[in-house]
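The values are calculated or read from the model by the stated rules, or taken from the named source; none is laboratory data. Bear in mind the structure is a predicted one, so any value in this text is a computation, not a measurement. Cβ sites come from the backbone with ideal geometry, for glycine too, and all protein chains shown count toward neighbours. With ligands, DNA and RNA removed, areas are computed over all heavy atoms of the protein, side chains included. Shrake-Rupley method; radii C 1.70, N 1.55, O 1.52, S 1.80 Å.
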Amino acid sequence: MKLGLLTAPFPDTPLGEVADWARSAGFEALEIACWPKTSGASRRYAGTSHIDVDVSAAEAKDIATELAGKGLAISGLGFYPNPLHPDRAHREAVIDHLKKVIVLASRMGVPLVNTFCGGDASKNVDTNWEDAQKIWPAIIAHAREHGVKLAFENCPMIFSYDEWPGGHNIAYSPYVWRRILEAWGGDVGMNFDPSHLVWQMIDKERFIREFGKNMLHVHAKDLMIDHDGLYERGILSAGIGWQVPRMPGLGDIDWSRIFSGLYRAGYDGPVIIEHEDRRFEGTDEKVKRGFLLARDVLRPFIK
């Protein structure tokens with residue numbers, strides 16, 4: 001295993017500087033955020049563009065070589081949009097960029113692109129799955145042609161009212177994952193984040209036992225249930241007002257049990273800290289402090 005971080009919380013810091021700090025802090029891998037370059041508003045922890053997807057093949061290779069020279073592996077390129085968005089123009093734009101990220105990964109020799117399956121919050125899961133079966137095969141074929149695999153994160157994308165009630169990503173439960181793997185398992189795997197199972201009350205260890213062999217990448221993020229918020233809003237709020245993302249070690253996850261399950265499942269890939277903890281944001285120093293705290297919690301399990 002290698003311990004690393006997702007670069008998204010450093011939107012204004014060049015990739016080389018992020019890499020230098022990460023290596024000096026004892027990290028071994030980076031998941032590189034590759035959203036489109038834009039000056040418009042974006043959701044929290046999205047919009048960071050650490051590599052321009054339109055760089056030449058030679059430039060892409062140089063970036064990978066530079067990071068390797070710093071002693072850092074690239075766990076994957078990360079772009080988490082909504083390819084099943086109800087607005088056709090938006091959907092086509094994000095799919096076009098996702099395809100460019102796939103080409104970039106191929107040019108860099110990075111075998112994995114992390115993303116979302118997507119979802120239309122106004123539709124039920126089964127109808128969304130019908131849409132996915134129409135939209136995703138062409139994207140998957142594009143990735144296959146470039147020697148790249150896709151890893152869907154198991155995040156429902158329900159954090160705010162513009163994502164409620166159905167969420168913006170249907171790849172969150174065993175019910176859907178069995179379909180994804182049956183249809184596309186040779187080309188698509190999971191970017192596993194245990195925090196998303198906490199508030200859904202999905203058994204984390206059983207989930208790892210069933211899907212561990214299909215996990216290509218792991219996000220280390222914790223989550224705390226605010227029981228006062230849960231009392232106030234109830235479970236029909238789908239987590240809004242009571243799911244609180246935290247740095248590993250500060251939430252409700254027992255990381256010893258997570259790693260026990262991963263090791264038993266044979267997972268030996270990257271473990272990438274995903275920073276979404278409001279207690280450790282606002283300044284560069286606070287963001288780094290959060291990563292260092294998580295590093296010290298997780299490091300004993302990374303061998």
I'd like the full set of residues that are open to solvent by 10 Å² or more (accessible area, probe 1.4 Å) and within 16 Å of Val148 (Cβ to Cβ), limited to region 81-95.
Ile95
For Ile158, all conditions in the list (1) crowded, with 22+ Cβ neighbours inside 10 Å; (2) modelled with pLDDT of 95 or more hold save one; what is the number of the exception?
(2)
Quick one: what pairs do we get from region 47-61, first residue in contact (Cβ under 8 Å) with a residue 60 or more places away in the chain, second of a type outside the set (Val, Ile, Thr) and not in a loop (DSSP other than H, G, I, E, B), C-beta under 9 Å, 6+ apart or different chains?
none
Under 6 Å between Cβ atoms, which residue pairs at least 6 apart in sequence (or on different chains) link something in region 17-35 that is in contact (Cβ under 8 Å) with a residue 60 or more places away in the chain and of a type outside the set (Asp, Glu) with a partner that is crowded, with 24+ Cβ neighbours inside 10 Å and assigned to a helix (DSSP H, G or I)?
Cys34/Val101
Among (1) open to solvent by 90 Å² or more (accessible area, probe 1.4 Å); (2) in contact (Cβ under 8 Å) with a residue 40 or more places away in the chain; (3) not in a helix (DSSP H, G or I), where does Thr38 come up short?
(2)
Out of (1) assigned to a helix (DSSP H, G or I); (2) touching a residue at least 60 places away in the same chain (Cβ under 8 Å), the one Ala138 does not meet is (2)
Is region 50-68 home to any residue that is closer than 20 Å to Asn154 by Cβ and aliphatic (A, V, I, L, M)?
no
Subset of region 173-185, residues open to solvent by 20 Å² or more (accessible area, probe 1.4 Å) and in contact with a strand residue (DSSP E or B) (Cβ under 9 Å, 6 or more places away or on another chain), comes to Leu181, Trp184
Consider region 2-48. How many of its residues are on the phi > 0 side of the Ramachandran plot and modelled with pLDDT of 95 or more?
1
Determine whether region 226-247 contains at least one residue that is at pLDDT 95 or above and closer than 16 Å to Met1 by Cβ.
no
Enumeration of residues in region 50-70 that are under 30 Å from Arg246 (Cβ atoms) and surrounded by fewer than 18 Cβ atoms within 10 Å (Cβ to Cβ):
Lys70
Select from region 188-207 the residues that are in contact (Cβ under 8 Å) with a residue 40 or more places away in the chain and closer than 18 Å to Ser75 by Cβ and list them in ascending order.
Val188, Gly189, Asn191, Asp193, Pro194, Ser195
Within region 96-143, take every residue that is among the hydroxyl-bearing types (Ser, Thr, Tyr) and either closer than 30 Å to Asp62 by Cβ or in contact with a Cys (Cβ under 6 Å, 6 or more places away or on another chain) (or both) and give me the one that is least open to solvent (accessible area, probe 1.4 Å).
Thr115
Return the residues of region 141-179 that are more than 28 Å from Arg209 (Cα to Cα), touching a residue at least 40 places away in the same chain (Cβ under 8 Å) and outside any loop (DSSP other than H, G, I, E, B); say none if nothing qualifies.
His142
